[in-house]
1. Pick out, in residue order, every one of the trypsin sites (Lys or Arg not before Pro) in the range 70-113 that is DSSP loop and has at most 15 other C-beta atoms within 10 Å; say none if there are none.
2. Considering only the chain, what is the antiparallel percent among its DSSP beta bridges, to the nearest 5?
3. Express in nm, to one decimal, how much length is gained between Ser75 and Lys61 on full extension, taking 0.36 nm for each residue of separation and deducting their alpha carbon distance.
4. Along the charge dipole of the range 44-299, pointing to its positive end and built from +1/-1 on Cβ of Lys, Arg, Asp and Glu, which listed residue (Met260, Leu248, Asn96) has its Cα farthest out?
5. To the nearest whole percent, what portion of all C-alpha pairs in the range 135-205 is separated by more than 18 angstrom?
6. What shape does the chain take by its C-alpha gyration tensor, where a ≥ b ≥ c are the square roots of the eigenvalues and a/c under 1.5 counts as rounded, a/b above b/c as prolate, and the rest as oblate?
7. For the pairs Lys336/Lys409; Lys157/Lys197; Lys156/Lys328; Lys13/Lys333; Lys87/Lys113; Lys36/Lys61, flag any whose C-alpha to C-alpha distance is greater than 22 Å.
8. Exposure proxy check: Val264, Val73 ranked by fewest other beta carbons within 10 Å?
Amino acid sequence: MKRDKFMKVSLVKSDFPIFDEYPNLVYLDNAATSQKPHTVIDAVKQFYVKYNANIHRGIYKLSENATQKYENVRSKVAGFIGCDDPKEIIFTKNTNEAINLIVYGWARVNLKKGDIVVLSEMEHHANIVPWIRLKQELGINLYFVPLTSDYGLDYKKILAQGFDLSKIKLVSIAHVSNVLGTINPVSEIVKFLKENKLSVKVCIDAAQSVPHLPIDIRDLDCDFLTFSAHKMLGPSGVGVLWARLKLLESMEPFLAGSHMILKVFRDNVIFADFPDKFEAGTANLEGVVGFGAAIDYLNKLGMQNVFEHDQTLMKYGLQELSGIDGLKLFGLKEAKNRIAIFSFGFEGIHPHDIAQILDEDNIAIRSGHHCAQPLMDSIKQSATARASCYIYNSKEDLDKLVMGLKKVKQTLGI
Ligand SMILES: Cc1ncc(COP(=O)(O)O)c(C=O)c1O
């Protein structure tokens, strides 16, 4: 799979067996989950064939090899996001679990009644619901940064709310919106918080950014980062929490039980050091190993190339979709600071009808609230249709989407 400087979509696509199975499939639901290349599927299979044993406990070679495979991926993940110390990488089940680990492991211990957590109106439920539970439990307050008129984040409004700014303890926002495709200016926001002497921690839900953009935590300058393997070619059931060492040192485990202990007495327990402390029980071993293969695949393509491919599709998609009469697009109009996620709808037509008619032509998109109901309220929609691209998509896929949407109009007589 040697590719020089730029990606060739036709070559990339041939690495994904689902497109052999369904040659006419136009898969545009990548914000929900990505397809998997042969190398990832093989890595999962090979784990069972050659390495299967439980990790960290066995004294025999098979177990030691399995442990090494698993721990190698921790180092790969660290390298992928610019983290120098693999100990700062905690494997979770997904982004949801990673955020819950922050909420219950860090915030529950460090926040108190009256403290403020800042979220935004464009958050996925994964970055809202655990905070609501903490609000109900501890009496913290939540503030949602509103949208700007062009679907960015009006984050400077934080200063104008009249609340005691020293009460803000955490800002937790999505790097990229799963509905609008907006890329939020994380390092600019962190700089703004520092300039205004807000001594807060910053958590970035990077579920939609790590798959698409080159990410370096040193540039983002955040404190926590969360993402999921399945949205970046890897298996389901594997997620990541990255946190600064100092924060991990101050965190309580979220799940307790086996593997995360140093010593258990009848009435007490000494926890293991992290990362083990935060990884109770047997992990998704084959999934983590498959995730390693996904990272290898993306590294071979080069994340800058992945991003440039996305930007080509984003610009083309915006141009073509804007030309459809009556189609309302939700997201930045300008072709910058956004990725190739397009949310749209026709007045008076339910997005499910759009998705169903497109499916007749094997075009897979998502319709609904996209686990972002507060955002749906902000944009005054109960649901939208969403097409989202990845490395194996081409301009031809977007042409088919446009043709499909014209057919929707014809079929429904609008
Ligand atoms: C921005 C964002 N955050 C969090 C999640 C949750 O990811 P997972 O279901 O893998 O936990 C998603 C999934 O779509 C997402 O788009």
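What follows is calculated from the coordinates using simple rules that are stated; it is not laboratory data. This one's a predicted model, so the numbers in the text were calculated from it and none came from an experiment. FYI the Cβ positions are ideal-geometry reconstructions off the backbone, even for glycines, and counts take in every protein chain you see.
1. Numbers: sites: Arg74, Lys76, Lys87, Lys93, Arg108, Lys112, Lys113; in loops: Lys93, Lys112, Lys113.
Answer by residue number: Lys112, Lys113.
2. Beta bridges within the chain, antiparallel portion: roughly 60 percent.
3. Numbers: separation 14, 0.36 × 14 = 5.04 nm, distance 2.09 nm.
Length gained, Ser75 through Lys61: 3.0 nm.
4. Met260
5. Values: 980 of 2485 pairs.
It works out to 39 percent of all Cα pairs.
6. Taking the square roots of the gyration eigenvalues as a ≥ b ≥ c, the chain is oblate.
7. Working: Lys336/Lys409 29 Å; Lys157/Lys197 15 Å; Lys156/Lys328 28 Å; Lys13/Lys333 29 Å; Lys87/Lys113 32 Å; Lys36/Lys61 30 Å.
Over 22 Å apart, Cα to Cα: Lys336/Lys409; Lys156/Lys328; Lys13/Lys333; Lys87/Lys113; Lys36/Lys61.
8. On the way: Val264 12, Val73 27.
Listed from fewest to most nearby Cβ atoms, that is Val264, Val73.
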